Amino acid sequence: MQGKYYVVTYGCQMNVHESEKIAGLLRSVGYESAASQEEADVIVFNTCCIRENAENHAFGNIGALKKLKKQKKGLIIAVGGCMTQEKGKADVLKEKFPFIDIIFGTLNLEELPALIEQKKRAKKRVVKIREKEGEIVENVQPFRTSFPNAWVNIAYGCDNFCSYCIVPYVRGRERSRKAENILAEVKSLVEQGYKEITLLGQNVNSYGNDLADGTTFASLLDRAASIEGKFRLRFMTNHPKDFNADVIAVMKKHPKICRLVHLPVQSGSDEILRRMNRRYTSEKYLDEIRLLKTEIPEAEVTTDIIVGFPGETEEDYLKTEELVKKADFASAFTFVYSKRSGTRAAEMPDQIPEEVSKDRIMRLVALVNSLTRQKSEKYVGKLTEILCEDYDEKKKTYLGRDEFGRMAYFPYPENIIGKFVQVKVESANGISLTGTVEKIED
């Protein structure tokens, strides 16, 4: 055994899955997982830079390791992920935290074991960040930790260049995996007993644009949903400018595709959408929801919303509230605009004062929460299919989600993680449900 590793993850599902890949890489060369940082021989930070608070959180936790680094001879600290790929951030890390041993980027994650060996031999800090995206590496076997859920990358990078977003600069241009590789991975996961598989991409709807064989996201989704077995299929994230009727038709065709679409709107104001470079209008967005619910009446939509974007007036904000009411979201992830150096929005005039943004986010959260509570209350007294995902030690109950992402808690005398269960909902508390198991499905 080489020693033990500990991975600290920040950010989105893409990062969660890439941390599984980091763990898989380290295990492939003889490392085992540690229960704590104090027990580890290698500590890896997989960072996020989508918002300033994510960076600050990482900085704080990296800094806290200074004492452990002094105490534990041979401890290797590696920092990777989106933050290290951001222009100038590697230099900040080197200056701020001289005890960091390895700095690597999003485009050369698979090199981490070799970088660790290089550090051991040379004794000096190793910094390797690839500036240009290369071929997709297909032989990295993740060490999955989210059973019965599994994440499957279908594409990397983003070509949209929304004016507020750093992702295209740190993830590179869009690159699609070959459909056969994706489908083989999904099939293998189903055979291993995984019950919910999420297809991941910065914009899943543009999957295949760079492939010569004519494959589209709709055709990939159709083939993935045709794989035999009892499992759910999700996909995220969608972009409203690319989400289309072909995808909706495939959803309608296959019951195993969850009737939930995550479709980030970001704002209800056409002027703010224009400044964000989103390339759709609020009416086009609502038309897509209408089409989805016309074809699949039970379908639900979740979204992301930013308030306090440069130039946002009170009238613009109220248009967002109006859209939220019209769209009838199942839930929404709400954020205050975070200024990201290197993006066009960071240089825009009319940056919004913090107190104004805080007022708007509080009002928006109150609205979203009230609508979400109403959705949850409709579950009371009904049976719903839940995939049991985990056990809550504090509550002494199992927990899981329905296909619409609603979390439910329910007691049961034996381990049912990984099973589909019919739960009779007895009460609703905001975004979560409580009930009892009526039936365990085969």
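The values are calculated or read from the model by the stated rules, or taken from the named source; none is laboratory data. Everything numeric in this text was worked out from a predicted model, so none of it was measured. Because the Cβ atoms are built from the backbone with ideal geometry, glycine has one as well, and the counts that use them run over all protein chains shown.
Assorted remarks:
- Residue that is among the hydrophobic types (A, V, I, L, M, F, W, C) and not assigned by TED's automatic domain parsing to the domain that holds Glu298, where the choices are Phe329, Phe404, Phe335: Phe404
- Sole residue being of a type in the set (A, V, I, L, M, F, W, C) and touching a residue at least 40 places away in the same chain (Cβ under 8 Å), chosen from Ile386, Ile417, Ile440: Ile417
One line per residue, one yes/no per condition, for (1) in the same structural domain as Ala346 (by TED's automatic domain parsing); (2) exposed (fewer than 14 other Cβ atoms within 10 Å of the Cβ); (3) over 30 Å from Lys72 (Cα atoms); (4) not small (Gly, Ala, Ser):
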{"site": "Phe97", "(1), (2), (3), (4)": "no, no, no, yes"}
{"site": "Ile100", "(1), (2), (3), (4)": "no, no, no, yes"}
{"site": "Asn108", "(1), (2), (3), (4)": "no, no, no, yes"}
{"site": "Val137", "(1), (2), (3), (4)": "no, yes, yes, yes"}
{"site": "Asn153", "(1), (2), (3), (4)": "yes, no, yes, yes"}
{"site": "Cys162", "(1), (2), (3), (4)": "yes, no, yes, yes"}
{"site": "Pro168", "(1), (2), (3), (4)": "yes, no, yes, yes"}
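- Filtering the range 379-404 to residues that are touching a Lys or Arg at 6+ places or on another chain (Cβ under 9 Å), part of a loop (DSSP other than H, G, I, E, B) and surrounded by fewer than 19 Cβ atoms within 10 Å (Cβ to Cβ) leaves Gly381, Lys382, Phe404.
- Conditions (1) part of a helix (DSSP H, G or I); (2) more than 22 Å from Glu321 (Cα to Cα); (3) out of contact with any Lys or Arg (no Cβ under 7 Å at 6 or more places or on another chain); (4) of a type in the set (Gly, Ala, Ser); number of the one not met by Ala346: (3)
- The condition of being crowded, with 19+ Cβ neighbours inside 10 Å and either in contact (Cβ under 8 Å) with a residue 24 or more places away in the chain or of a type outside the set (Asp, Glu) (or both) holds for only one of Leu371, Leu364, that being Leu364.
- The range 170-218, subset out of contact with any helix residue (DSSP H, G or I) (no Cβ under 8 Å at 6 or more places or on another chain) and of a type in the set (Ser, Thr, Tyr), residue surrounded by the fewest Cβ atoms within 10 Å (Cβ to Cβ): Ser188
- Selection count where residues are within 23 Å of the chain's Cα centre (by Cα) and either under 22 Å from Thr320 (Cα atoms) or aromatic (Phe, Trp, Tyr) (or both), scope the range 349-405: 8
- Answer residue from the range 27-50, given it is touching a Gly at 6+ places or on another chain (Cβ under 9 Å) and touching a residue at least 40 places away in the same chain (Cβ under 8 Å) and is farthest from Val92 (Cα to Cα) among those: Val42
- Some residue of the range 65-75 being assigned by TED's automatic domain parsing to the domain that holds Ile22 and in contact with a Phe, Trp or Tyr (Cβ under 7 Å, 6 or more places away or on another chain): yes
- Restricting the range 162-218 to residues that are in contact with a strand residue (DSSP E or B) (Cβ under 6 Å, 6 or more places away or on another chain) and hydroxyl-bearing (Ser, Thr, Tyr), the residue that is farthest from Arg401 (Cα to Cα) is Ser176.
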